[in-house]
Amino acid sequence: MIIVMRPNVADAELEGVTALISALALSAHVSRGAERTIVGVIGAPADKETLLAQFAQLDGVESVVPISKSYKLVSREARAERTVVRVRDGISFGGRTLAVCAGPCSVESREQLETTAAAVSRAGANVLRGGAFKPRTSPYAFQGLGEEGLKFLREAADRAGIAVVTEVLDPRDVELVARYTDVLQIGARNMQNFTLLREVGGARRPVLLKRGIAATIDEWLMAAEYVFVAGNHDIVLCERGIRSYDPSTRNLLDLAAVPLVQGLTHLPVIVDPSHGTGVRALVAPMSLAAVAGGADGLIVEVHPNPAAAFSDGPQSLTLPNFAELMERLAPVAAAVGRALPEPATAAA
């Protein structure tokens, strides 16, 4: 259930509510919005009707709302206003300005990242993406540069004046990756790695949670609930395609999931057209469609020389491709009441 507190609730009144929740061996999760403070009550009380009446009588309580969804805290029932996940230097996910994450699938070298970061930031991207740790189907494929790759990401992003998002694969690496990045990415293969979800839930970094390759909407949102319950409320959902029977594309990009999920959760939702299609020629059209459909941003693979990329070359845009895409996105974003990021100012 969700307890909605009155505007300008006193600290003592809020403490009275959370104290009762603790006394009943339940868990309280406090979320302070622009207009309301909401307390989520997690647990399985024996007599829910009596509990609803008991909380409704407490000082400072405006209303008590039973939640029907299995994902309670990330649901729209828990919070009507949409969450804006703020990253750094005015960069955010879920606001009027779109978040555009761009960069290579794999971090290959300092030069590769410097070139890419400078180019995508000039074109208007506000987040540099790139994998320092790579989950590969084959154990013989390139697995990433590890901490050295993280350093390259941080250096390149700082010079370009943009943020960093990169994937973390192992709960033991969360602290290390968080040291260098602004957003922790949970990849599709790890969407239901509950130990990892709990670990990033305790990290002081926003989390970008990709949909699993065969995950239902409910499973995806329940994975977000794991992160939220663990204490991290800065979660961005990413639709990146689901497995299909048709080999014409790498995955089936489910763009209908964007407005559907936005009706179910207050969390921002972005789209990955690169993994969603696996075909370079389809990335731009699907990017335009994603923004037209209400996505809060994009995450796109961009490489200076896709033919020589260590991974995912066939779906990576070239630097000129990406600049052209950003030009084409501007009127689409404006048509749906959104804006593209202003090109970043590079560090001296």
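Every number here is computed from the coordinates shown, using simple stated rules; none is lab data. This one's a predicted model, so the numbers in the text were calculated from it and none came from an experiment. Virtual Cβ from ideal backbone geometry, glycine too; neighbours counted across all protein chains shown.
The mean sequence separation of alpha-carbon pairs under 8 Å and at least six residues apart, normalised by the residue count of segment 36-92, gives a relative contact order of 26 percent.
With charges set only on the Cβ (+1 for Lys and Arg, -1 for Asp and Glu), what does the dipole of the chain come to about its Cα centre, in debye to the nearest 20?
Using only the charged Cβ atoms, the result is roughly 400 debye.
Computed from the C-beta positions of ARG328 and THR249 and an R0 of 30 Å, the FRET efficiency is 0.90 to the nearest 0.05. The ranking of THR195, THR166 by Cβ neighbour count inside 10 Å, starting from the fewest, reads THR195, THR166. For segment 2-65, the calculated P(r) over all alpha carbon pairs, in 10 Å bins from 0 to the bin holding the longest distance, is 23, 61, 16, 0 percent. Antiparallel beta bridges, as assigned by DSSP with both residues in the chain, represent about 40 percent of the total such bridges. Exposure proxy ranking for THR265, THR115, based on other Cβ atoms within 10 angstrom of each Cβ and starting from the fewest, stands as THR115, THR265.
Relative contact order of segment 251-348: 24 percent, from C-alpha pairs under 8 Å at least 6 residues apart in sequence. Taking amide hydrogens as placed 1.01 Å from N in the peptide plane, the amide H of LEU298 sits under 5 Å from those of ALA99, VAL100, CYS101, VAL271, each at least 5 positions away in sequence or on another chain. Note on ASP218 and LEU24: their simple-model spin labels are 2.5 nm apart, each label 7 Å out from Cα toward Cβ. Per the Debye calculation on segment 219-348 with a single equal scatterer at every Cα and no solvent contribution, log₁₀ I(q)/I(0) for q = 0.13, 0.14, 0.16 Å⁻¹ amounts to -0.61, -0.70, -0.89.
Over segment 85-335, calculate the relative contact order: mean separation of alpha carbon pairs under 8 Å at least 6 apart, over the residue count, as a percent. Intermediate values should be presented prior to the final figure.
Working: 552 pairs, mean separation 46.5, N = 251.
It comes to 19 percent, rounded to a whole number.
Over all Cα atoms in segment 85-335, the spread is summed up by Rg and Dmax: 16.2, 46 Å. Each residue of segment 165-181 was assigned a 3J(HN,Hα) from its phi angle through the Karplus curve 6.51 cos²θ - 1.76 cosθ + 1.60 (θ = phi - 60°); the sequence is 10, 8, 7, 10, 9, 10, x, 6, 9, 4, 4, 5, 5, 4, 5, 10, 10 Hz, with glycine and proline shown as x. Among LEU26, LEU221, LEU267, the largest mean-square fluctuation in a Gaussian network model of the chain, built with springs joining Cα atoms closer than 10 Å, belongs to LEU26. Counting only lysines at least 8 places from LYS210 when in the same chain, those with an alpha carbon closer than 25 Å to its own are LYS69, LYS72, LYS134, LYS151. Exposure proxy ranking for LYS48, LYS210, based on other Cβ atoms within 10 angstrom of each Cβ and starting from the fewest, stands as LYS48, LYS210. Couplings 3J(HN,Hα) of segment 131-142, computed from phi: x, 8, 10, 10, x, 10, 4, 9, x, 8, 6, 4 Hz, in residue order, whole Hz [Karplus 6.51 cos²θ - 1.76 cosθ + 1.60, θ = phi - 60°; x for Gly and Pro].
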